[in-house]
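Undergrad: Below you'll find the structure I mean.
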Amino acid sequence: MKRLTHVASDGSAKMVDVSAKPLSHREAVAAGRIKLQAATLDLIASDRIAKGNVFATARLAGIQAAKQTAQLIPLCHTLGLSHVEVDLTSNQTSVDAICTARTTAQTGVEMEALTGVTVALLTIYDMCKAVDKQMKIGEIKLLMKTKTEARPNLSSRSGGARRAATQAAQQTRPGLQTSKLK
């Protein structure tokens with residue numbers, strides 16, 4: 001059986017040391033669902049929930065929560081997120097939320113995606129609780145996580161090295177467009 005990385009030999013909780021790991025591009029996608037009454041979904045669709053625009057608020061809450069994951073979950077590393085997106089779609093019985101998070105770091109970004117989707121759903125619950133006492137949040141899960149090798153940052157190179165790297169990239173990927181910053 002695989003050993004738990006957040007448990008010390010004496011059984012106490014510990015933060016994993018990732019300092020020796022190389023930087024990698026990381027992406028994670030998490031999803032969840034909140035079931036609502038049809039009348040509540042109609043109120044959301046017509047922007048008639050008293051607290052305001054439910055989807056806009058839930059998206060912002062999910063993004064903000066993903067950025068604050070290390071403050072909420074004690075053993076998570078603080079990550080500089082390069083992208084967080086929360087998508088919300090509704091049908092006749094529920095709202096589905098998907099949160100995508102990206103970073104270049106030494107550890108994964110799945111907790112940020114899971115936190116983002118969870119808080120987006122909790123925000124919908126909070127905004128609709130006055131009109132719907134039967135809401136149910138569930139099916140929160142990680143859909144995907146990826147890790148790819150990080151390439152050197154071209155902006156930290158000299159002009160000649162940056163031009164050479166750009167030319168090499170254009171030769172290996174015909175049609176690659178680059179923009180010049182002025």
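Undergrad: Exactly one of (1) under 17 Å from the mean Cα position of the chain (by Cα); (2) surrounded by fewer than 17 Cβ atoms within 10 Å (Cβ to Cβ) is unmet by Gln134. Its number?
TA: (1)
Undergrad: What residue, of Ile34, Ile73, Ile98, is surrounded by 11 or more Cβ atoms within 10 Å (Cβ to Cβ), closer than 22 Å to Lys145 by Cα and touching a Gly at 6+ places or on another chain (Cβ under 9 Å)? Walk me through it before giving the result.
TA: On the way: Ile34 fails: closer than 22 Å to Lys145 by Cα; Ile73 fails: touching a Gly at 6+ places or on another chain (Cβ under 9 Å).
Within the list Ile34, Ile73, Ile98, the selection yields Ile98.
Undergrad: Within region 155-162, identify whether any single residue is within 30 Å of Asp17 (Cβ to Cβ), in contact with a Ser or Thr (Cβ under 7 Å, 6 or more places away or on another chain) and at pLDDT below 95, and answer yes or no.
TA: Checked against the condition, which is being within 30 Å of Asp17 (Cβ to Cβ), in contact with a Ser or Thr (Cβ under 7 Å, 6 or more places away or on another chain) and at pLDDT below 95, region 155-162 yields no hits at all.
Undergrad: Identify all residues within region 7-18 that are at pLDDT below 80, closer than 25 Å to Thr146 by Cα and in a loop (DSSP other than H, G, I, E, B); write none if there are none.
TA: Lys14, Met15, Val16, Asp17
Undergrad: Looking at Ser90, Ser46 in this structure, which one is more than 22 Å from Met144 (Cα to Cα) and among the polar types (S, T, N, Q)?
TA: Selected residue: Ser46, the only one of Ser90, Ser46 that is more than 22 Å from Met144 (Cα to Cα) and among the polar types (S, T, N, Q).
Undergrad: From the list Ala105, Ala113, Ala150, which one is among the aliphatic types (A, V, I, L, M), at pLDDT below 95 and buried (at least 18 other Cβ atoms within 10 Å of the Cβ)?
TA: Ala105
Undergrad: I've got another one for you. What is the number of the single condition among (1) surrounded by 11 or more Cβ atoms within 10 Å (Cβ to Cβ); (2) at pLDDT 95 or above; (3) in a loop (DSSP other than H, G, I, E, B) that Lys21 does not meet?
TA: (2) is the only condition that Lys21 fails.
Undergrad: Of (1) modelled with pLDDT under 95; (2) over 29 Å from Pro22 (Cβ atoms), Leu79 satisfies all except one. Which?
TA: (2)
Undergrad: Across region 62-79, what is the number of residues that are of a type outside the set (A, V, I, L, M, F, W, C), under 15 Å from Ala113 (Cβ atoms) and in contact with a strand residue (DSSP E or B) (Cβ under 8 Å, 6 or more places away or on another chain)?
TA: 3
Undergrad: Further, regarding this structure: Val29: in contact with a helix residue (DSSP H, G or I) (Cβ under 8 Å, 6 or more places away or on another chain), closer than 20 Å to Lys147 by Cα and among the β-branched types (Val, Ile, Thr), yes or no?
TA: Values: in contact with a helix residue (DSSP H, G or I) (Cβ under 8 Å, 6 or more places away or on another chain): yes; closer than 20 Å to Lys147 by Cα: yes; among the β-branched types (Val, Ile, Thr): yes.
For Val29, the condition - in contact with a helix residue (DSSP H, G or I) (Cβ under 8 Å, 6 or more places away or on another chain), closer than 20 Å to Lys147 by Cα and among the β-branched types (Val, Ile, Thr) - is met.
The values are calculated or read from the model by the stated rules, or taken from the named source; none is laboratory data. Predicted model only: the values in this text are computed from it and were never measured. In this analysis, Cβ positions are derived from the backbone assuming ideal geometry, glycine residues included, and neighbour counts consider all displayed protein chains.
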